[in-house]
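Everything on this sheet refers to the single structure shown next.
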Amino acid sequence: ALLLFIVVFILTADYIKNRRLTGFPPGPPALPIVGNIFTLDHKRTHESMTELAGRYGDVYSMRMGQRWVVVLNGFEAVTQALVTQGDSFSDRPSIPLYDDIFHGLGVILSNGHMWKQQRRFALSTLKYFGFGKKSLEPMILEEFTYVAKEISAYKGKPFNPHLIVNNTVANIICLLVFGHRFEYGDEQFKKMMKLFEQSIQIQVSVLAELYNAFPQLMRCLPGPHQKFKRINEELKDFVRTEVKDHKQKWDPSDLRDFIDYYLNEIQMVTEKSLFTFDEECLIMSVLDLFGAGSETTSTTLRWAFLFMVKYPEIQERVQAEIDSVIGQSRPPSVDDRADLPYTDAVIHEIQRMGNIVPLNLPHVTNRDVHLRGYTIPKGVTIIPNLTSVLFDKREWKTPFTFNPGHFLNEEGKFVKPAAFIPFSAGKRLCLGENLARMELFLFFTSFMQHFTFSMPPGVKPVLDYRFGITLSPVHYEICAKPRHE
Ligand code: HEM
């Protein structure tokens with residue numbers, strides 16, 4: 001009888017605490033305690049979430065464990081929240097696994113004053129390296145020569161591009177933050193890349209999901225957090241060593257990279273109490289740039305190869321355009337973009353169809369808000385579902401078909417529809433968008449200039465994905481035939 005009483009008590013308390021209040025967005029019925037955890041197909045969460053909008057509307061709610069989540073779908077609802085009502089939706093929610101290890105430092109996970117200062121600093125430093133006299137353009141082109149050499153060594157035989165592309169893109173972040181690249185075979189570099197991969201694996205594991213749904217309980221158990229902590233301490237140590245080295249060679253008249261700039265910012269401290277720049281925060285900002293800027297761009301390039309082998313006629317047309325505008329005697333430059341509308345359209349369509357950050361990063365309401373007829377209280381997690389925007393039937397002519405025509409007008413000129421928001425929109429808009437776009441353009445055109453990609457003999461290209469931190473293609477092998485000796 002006591003057991004029955006406890007069960008009834010827990011279920012009643014759960015019902016009272018977690019019922020949907022009047023005006024709150026509707027959504028699928030939730031189970032006691034666990035909520036809607038089992039409503040979604042976790043191998044294709046982004047598609048499940050998009051499908052639910054068909055039943056409950058563009059703004060609907062779900063409960064993940066004890067946490068209420070509102071999912072926004074379609075271009076209109078997502079941009080209304082993130083752009084028109086951006087002030088109310090710009091914060092990040094607390095995510096127990098990250099809070100316990102990163103303590104809200106850096107850019108991605110921070111809020112308020114810390115976020116504003118760190119974001120402004122990172123944006124201006126990236127702008128300097130993107131387009132100023134220290135532009136990363138020549139370094140990206142140089143990095144291409146290393147990856148081209150690596151790929152050429154396969155002599156047109158099948159290889160898995162995953163690691164090679166990851167290393168290439170990670171080196172661009174190394175150049176940005178450390179001021180130097182690594183040889184792909186360098187032991188320290190290999191170790192760092194492995195740690196990042198392990199860290200990602202833990203973040204997408206079921207245990208991490210459980211940890212975030214039931215943190216009080218999970219903190220007491222052995223679980224992913226100890227390993228996650230260990231891995232991230234090692235990554236921090238790696239950055240710490242670089243920071244130490246930078247401090248020894250630091251020269252304010254010659255600021256070489258992100259770390260130098262950051263050390264400069266720390267030196268300029270005048271009003272300590274409002275100042276969020278210190279070495280711990282520097283380390284987290286560096287890890288943020290790796291975390292957000294490496295896997296994303298490399299996954300997009302891996303989708304690019306797959307789409308090109310799936311649609312060889314599109315690959316040929318891109319190569320023909322590059323041949324006629326750039327030729328073979330010089331590398332591409334960002335200034336060529338305007339003269340390569342078809343290539344530009346193909347890159348955008350790869351990003352749209354690749355949909356690599358399918359559910360965006362989570363946001364949270366920082367006050368009670370009214371959105372499209374609903375009331376959402378302060379503190380509710382918001383998922384601005386990018387899948388539902390990049391495949392929104394109301395915005396795209398053929399949403400589920402690879403069609404570069406989405407980005408070309410009748411005269412064949414490049415146009416960008418407003419619903420193209422793979423980098424999100426509003427106040428939290430991807431901080432590395434310009435760098436990512438430069439990398440994608442320079443790497444993609446260089447690859448197309450030098451190689452023709454195809455599947456190994458007898459193998460058909462499969463566009464299947466793995467749902468994780470990014471939506472990435474399942475591992476595949478590919479052949480790259482040099483176009484010119
Ligand atoms: C945030 C996409 C590359 C740095 C984001 C967000 C998305 C995104 C969707 C979340 C925005 C939001 O919360 O509303 C992408 C894609 C990329 C890419 C598709 C490549 C194809 C990069 C690169 C860097 C970078 C190269 C840096 C070097 C960041 C940072 C944030 C962020 C720091 C957090 C911004 C904040 O919280 O204020 N990105 N990103 N990203 N991205 Fe990117």
Could you figure out which of (1) farther than 25 Å from V34 by Cα; (2) out of contact with any Cys (no Cβ under 6 Å at 6 or more places or on another chain) isn't true of R181? (2)
Does the stretch 439-479 hold any residues that are surrounded by fewer than 20 Cβ atoms within 10 Å (Cβ to Cβ) and acidic (D, E), and which are they? D464, E477
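Would it be correct to say that A77 is touching a Leu at 6+ places or on another chain (Cβ under 6 Å), crowded, with 21+ Cβ neighbours inside 10 Å and not acidic (D, E)? Can you show your working first?
On the way: touching a Leu at 6+ places or on another chain (Cβ under 6 Å): no; crowded, with 21+ Cβ neighbours inside 10 Å: yes; not acidic (D, E): yes.
Considered against the rule, which asks whether it is touching a Leu at 6+ places or on another chain (Cβ under 6 Å), crowded, with 21+ Cβ neighbours inside 10 Å and not acidic (D, E), A77 comes out as no.
Would you check which residues across the stretch 371-402 are closer than 18 Å to F89 by Cα and hydroxyl-bearing (S, T, Y) and list them?
Those that are closer than 18 Å to F89 by Cα and hydroxyl-bearing (S, T, Y): Y374, T375, T381.
From the set of residues in the stretch 202-228 that are among the polar types (S, T, N, Q) and without any contact (Cβ under 8 Å) to a residue 60 or more places away in the chain, which is farthest from I37 (Cα to Cα)? It would help to see each step written out before you state the result.
Looking only at the stretch 202-228, we keep the residues that are among the polar types (S, T, N, Q), and these are 203, 205, 212, 216, 226.
Restricting the remaining residues to those that are without any contact (Cβ under 8 Å) to a residue 60 or more places away in the chain gives 205, 216, 226.
Values: S205: 14, Q216: 18, Q226: 24 Å.
So, considering only residues that are among the polar types (S, T, N, Q) and without any contact (Cβ under 8 Å) to a residue 60 or more places away in the chain, the one farthest from I37 (Cα to Cα) is Q226.
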Can you tell me which residues in the stretch 54-74 are in a loop (DSSP other than H, G, I, E, B) and at negative phi? D58, Q66, N73
Inspect all residues belonging to the stretch 399-416 and state whether any of them is farther than 20 Å from T343 by Cβ and not aromatic (F, W, Y). yes
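In the stretch 97-122, which residue that is hydrophobic (A, V, I, L, M, F, W, C) and more than 9 Å from the ligand (Cβ to nearest atom) is nearest to G223 (Cα to Cα)?
Going residue by residue through the stretch 97-122, those that are hydrophobic (A, V, I, L, M, F, W, C) are 97, 101-102, 105, 107-109, 114-115, 121-122.
Keeping just the survivors that are more than 9 Å from the ligand (Cβ to nearest atom) gives 97, 101-102, 105, 114, 121.
Details: L97: 11, I101: 14, F102: 17, L105: 23, M114: 30, F121: 36 Å.
Once the filter is applied, the top-ranked residue is L97.
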Exactly one condition in (1) in contact (Cβ under 8 Å) with a residue 40 or more places away in the chain; (2) part of a helix (DSSP H, G or I); (3) more than 30 Å from D91 (Cβ to Cβ) is not met by D335; state its number. (1)
Does H450 satisfy being within 29 Å of K43 (Cβ to Cβ), away from the ligand (no atom under 16 Å from the Cβ) and either over 18 Å from the mean Cα position of the chain (by Cα) or of a type in the set (F, W, Y) (or both)? no
Can you tell me which residue in the stretch 161-178 is farthest from T297 (Cα to Cα), limited to those that are in contact with a Phe, Trp or Tyr (Cβ under 8 Å, 6 or more places away or on another chain) and not hydrophobic (A, V, I, L, M, F, W, C)? P161
Tally the residues that are hydroxyl-bearing (S, T, Y) and either assigned to a helix (DSSP H, G or I) or in contact with a helix residue (DSSP H, G or I) (Cβ under 7 Å, 6 or more places away or on another chain) (or both), restricting the search to the stretch 232-256. 1
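Mind listing whichever residues of the stretch 466-485 are assigned to a strand (DSSP E or B) and in contact (Cβ under 8 Å) with a residue 40 or more places away in the chain?
Going through the stretch 466-485, the residues assigned to a strand (DSSP E or B) turn out to be 466-467, 471-473, 478-482.
The answer is F467, L471, S472, P473, I478, C479, A480, K481, P482.
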Residues that are in contact with a Phe, Trp or Tyr (Cβ under 9 Å, 6 or more places away or on another chain), assigned to a loop (DSSP other than H, G, I, E, B) and among the polar types (S, T, N, Q), drawn from the stretch 375-432: N403
What is the residue count in the stretch 80-98 for residues that are out of contact with any Pro (no Cβ under 8 Å at 6 or more places or on another chain), buried (at least 18 other Cβ atoms within 10 Å of the Cβ) and part of a helix (DSSP H, G or I)? 3
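Rule-based calculations on the coordinates, nothing more; no lab input. Note that this is a predicted model, so its numbers are computed, not measured. Ideal geometry is used to build each Cβ from the backbone, glycine not excepted, and the neighbour counts take in all protein chains shown.
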